[in-house]
Amino acid sequence: MKKEVLKRFKKLFEQQKANVLYNDKVIRDDFAVSGDDRMDDVDQASSDVEQSLRMRLRNREMLLIKKVDEALKRIEEGTFGSCNSCENDIELKRLEARPTATLCIACKEDEERREALSADGRRHKSLGAVLPRMG
Ligand SMILES: [Zn+2]
């Protein structure tokens, strides 16, 4: 992969990380404020819901950071942009749509097909156990 392209992706990843870390700070500042308030039960309940929403958002962000970190590591190692499975170059179009992708389109489709097949297999089995066979 060309150096300029790598640089562009590196910048993108660093921006993504900075965004997440900024959000993280906003969330923590928010927590600090609500922690000082005395709340009745209703407020407490809605704050619990809010808190679990925030935690879910945070988990998603942590996952993104992990992926971005892995991608940055691949840039350092010079393996960024090659498929983890077949080691061919991942299509640039695909990387632009999904910069943290680690599989080329063909391998990704393969993987999805296998997952669909095994999900299908499970479904057929459980259906067969519940429904009597017709005919
Ligand atoms: Zn591949």
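Spin-label model, Glu4/Asp43: points 7 Å from Cα along the beta carbon direction are separated by 5.7 nm. For Ser82, the residues whose amide H sits under 5 Å from its own are Ile90, ignoring neighbours fewer than 5 places away on the same chain, with H placed 1.01 Å from N.
A straight Cα-to-Cα reach below 18 Å connects Lys11 with the lysines Lys2, Lys3, Lys66, Lys67, Lys73, Lys93, residues fewer than 8 places away in its own chain not being considered. Here r is the Cβ-Cβ distance between Asp120 and Asn88 and R0 is 25 Å; the resulting FRET efficiency, rounded to 0.05, is 0.35. Of the peptides 67-76, 87-96, 50-59, the ranking by mean beta-carbon count within 10 Å, highest at the top, reads 67-76, 87-96, 50-59. Excluding same-chain neighbours fewer than eight residues apart, the aspartates and glutamates reachable from Lys25 by a Cα-Cα span under 13 Å are Glu61.
Values in this text are rule-based calculations from the coordinates and carry no lab data. No experiment lies behind these values; they were computed from the predicted model shown. Counting neighbours? That spans all protein chains shown, and the Cβs are built from the backbone with ideal geometry, glycine included.
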